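The values are calculated or read from the model by the stated rules, or taken from the named source; none is laboratory data. As the structure is a prediction and not an experimental result, all values here were calculated from the model. Here Cβ is always computed from backbone atoms with ideal geometry, including for glycine, and neighbour counts include all displayed protein chains.
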Amino acid sequence: MALKLAAPDAEIVVADGDDVQGALSRTRILGIGAHPDDLELMSWHAIASGGPHKSYSGVVVADGADSPRVDGDAAADREDMQRTRRDEQRRAARIGGYAACVLLGYPSAAIKHGCNADVVADLATVLAATRPDAVFTHSPCDFHDTHVAVAMHVIAAARSLPIDVRPRALYGCEVWGGLDWLAAPERVAFDVSEAVELGERLVAVFASQLRGKRYDQAALGRRRANAVFLEPRAADRHAATELALDLSSLLGEPAPDVHAFVMELVNRTRDAISTRIRRFDVGGVG
């Protein structure tokens, strides 16, 4: 099956040599990340869950050409950097046993300056072809503009489909900025204790990024910290934990406003903090 994708250099990598139709049709879990390495930084649970059955596929929206250059990449132009990061993403797909990895190939600027109809259409095409049970993408609370823009395009793409074709579950994951500020009922905690070795191997592939920032150490450190600080009044249940925001209600009908949905989370967190401070205010302190 040939997917019609907008960018001329869009590519579908099928890691195990299967045909594209077979790879897409067996996808039950779909990751959608902004840049090469975002899938591997945010969703070890999704990748590990789908790997044994080749039921995980990934989508990378941006071409990665704008990433920082250090050491051997310092003189690389946009085409060189795009080629390097695409090669790294292909290797990660092989290591992770992805059914398919769809590289949409958009410049970051084409994603984060308003709604891009081509990006929405491409994502809707992939969603319709895979019909995943669950989608893992960026949290709309992320600090990175391109990440938030991708999350918003994912929501728009899913909403463009008939309701019976939309994913049943949509999760917004941590990359730039954690989700430990959310109250426990508003976040999902995934146990990735058994996925640490795989996650480390996946992140290690992206040498062009690790030369400038130790994403490998940070990715594992966040998961270790999440596990320890998950519950203050109980022993650790996990050795490593991923936190995600459950965005599934945004795909229902009538569809909630995304901004209102996120601001309600922020307001509830603010109110909880205010209540806690007032409860223990003994007066005259400070």
Open item on the list: Just to be sure I understand, how many residues within segment 196-206 are hydrophobic (A, V, I, L, M, F, W, C) and either out of contact with any Asp or Glu (no Cβ under 9 Å at 6 or more places or on another chain) or without any contact (Cβ under 8 Å) to a residue 40 or more places away in the chain (or both)?
Closed with: 3
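Considering segment 139-164 alone, what residues qualify as being β-branched (Val, Ile, Thr) and touching a residue at least 60 places away in the same chain (Cβ under 8 Å)? Show your work before the answer.
Within segment 139-164, the first condition is being β-branched (Val, Ile, Thr), and the residues that meet it are 146, 148, 150, 154-155, 163.
Within segment 139-164, 146, 150, 154, 155, 163 qualify.
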Task: Total residues in segment 237-252, condition surrounded by 14 or more Cβ atoms within 10 Å (Cβ to Cβ) and either of a type outside the set (A, V, I, L, M, F, W, C) or part of a loop (DSSP other than H, G, I, E, B) (or both) - done: 8
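Which of the residues that make up segment 92-103 are within 21 Å of residue 126 (Cα to Cα) and surrounded by fewer than 24 Cβ atoms within 10 Å (Cβ to Cβ)?
At the first step, the residues of segment 92-103 found to be within 21 Å of residue 126 (Cα to Cα) are 92-94, 96-103.
Once the filter is applied, which keeps residues that are within 21 Å of residue 126 (Cα to Cα) and surrounded by fewer than 24 Cβ atoms within 10 Å (Cβ to Cβ), segment 92-103 yields 94, 97.
Can you say whether residue 130 is among the hydroxyl-bearing types (Ser, Thr, Tyr) and either surrounded by fewer than 18 Cβ atoms within 10 Å (Cβ to Cβ) or closer than 30 Å to residue 268 by Cβ (or both), as far as the supplied structure shows? Give the steps one after another, and end with the answer.
Numbers: among the hydroxyl-bearing types (Ser, Thr, Tyr): yes; either surrounded by fewer than 18 Cβ atoms within 10 Å (Cβ to Cβ) or closer than 30 Å to residue 268 by Cβ (or both): no.
Against the criterion (among the hydroxyl-bearing types (Ser, Thr, Tyr) and either surrounded by fewer than 18 Cβ atoms within 10 Å (Cβ to Cβ) or closer than 30 Å to residue 268 by Cβ (or both)), residue 130 does not qualify.
I want to confirm something. Restricting to segment 157-208 and keeping residues that are of a type in the set (Phe, Trp, Tyr) and in a loop (DSSP other than H, G, I, E, B), which single residue is surrounded by the most Cβ atoms within 10 Å (Cβ to Cβ)? Explain how you work it out, then say what you get.
Applying the first criterion (of a type in the set (Phe, Trp, Tyr)) to segment 157-208 yields 171, 176, 181, 190, 206.
Then keep just the ones that are in a loop (DSSP other than H, G, I, E, B); that gives 176, 181, 206.
Numbers: 176: 18, 181: 15, 206: 25.
The qualifying residue surrounded by the most Cβ atoms within 10 Å (Cβ to Cβ) is 206.
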Open item on the list: With the requirement that a residue be more than 21 Å from the chain's Cα centre (by Cα) and either closer than 19 Å to residue 204 by Cα or of a type in the set (D, E, K, R) (or both), what does segment 1-58 give you?
Closed with: 4, 9, 16, 18, 19
Task: Criterion (surrounded by fewer than 16 Cβ atoms within 10 Å (Cβ to Cβ), outside any loop (DSSP other than H, G, I, E, B) and modelled with pLDDT under 95) met by exactly one of 72, 17 - done: 72
Task: Per-region count, segment 253-286, residues touching a residue at least 40 places away in the same chain (Cβ under 8 Å) and assigned to a loop (DSSP other than H, G, I, E, B) - done: 2
Open item on the list: Can you go through 186, 200 and tell me which one is modelled with pLDDT under 95 and at negative phi?
Closed with: 186
Task: Test set (1) surrounded by 15 or more Cβ atoms within 10 Å (Cβ to Cβ); (2) at pLDDT below 90; (3) not hydroxyl-bearing (Ser, Thr, Tyr); (4) not in a loop (DSSP other than H, G, I, E, B) - residue 79 fails condition number - done: (1)
TODO: Report yes if some residue within segment 206-218 is within 15 Å of residue 181 (Cα to Cα) and either modelled with pLDDT under 95 or polar (S, T, N, Q) (or both); otherwise report no.
DONE: no
